[in-house]
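Peer 1: Dumping the structure here so I can ask a few things about it.
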Amino acid sequence: MGLPYVLEDFTSIFETGSISNKCCGELVVLGKVWQSELENRTLENPLFEDLSPATIIAKSIQT
């Protein structure tokens, strides 16, 4: 997955709540492994310590 899609995925989870069809297709191909890794990296990042793990996971599932 290229950086533009990574950024779109991240923005979708934490800001807009929407994602393009093209990026969504990439996420479907990469599957749960990719999404779990993004969640884990976010949980480890001190910039997001204000967000609960449940919030991060819920937003990720919604995307």
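Throughout, read-outs are computed from the coordinates displayed, never taken from laboratory work. What you see is a predicted model, and the numbers here were worked out from it, not measured in a lab. Here the Cβ positions follow ideal geometry from the backbone for every residue, glycine too, while neighbour counts run over all protein chains shown.
Peer 1: Residues in the range 45-59 that are within 18 Å of residue 17 (Cβ to Cβ) and either out of contact with any helix residue (DSSP H, G or I) (no Cβ under 6 Å at 6 or more places or on another chain) or of a type outside the set (D, E, K, R) (or both): how many?
Peer 2: Count: 8.
Peer 1: Moving on to the next point. Anything in the range 19-41 that is under 19 Å from residue 2 (Cβ atoms) and not hydrophobic (A, V, I, L, M, F, W, C)? List them, or say none.
Peer 2: Listed by number, the residues that qualify are 20, 21, 22, 25, 26, 31, 35, 37, 41.
Peer 1: Could you check how many residues of the range 40-52 are in a helix (DSSP H, G or I) and surrounded by 12 or more Cβ atoms within 10 Å (Cβ to Cβ)?
Peer 2: 4
Peer 1: Could you grab me the full set of residues in the range 3-34 that are without any contact (Cβ under 8 Å) to a residue 12 or more places away in the chain and not in a helix (DSSP H, G or I)?
Peer 2: Listed by number, the list holds a single entry, 18.
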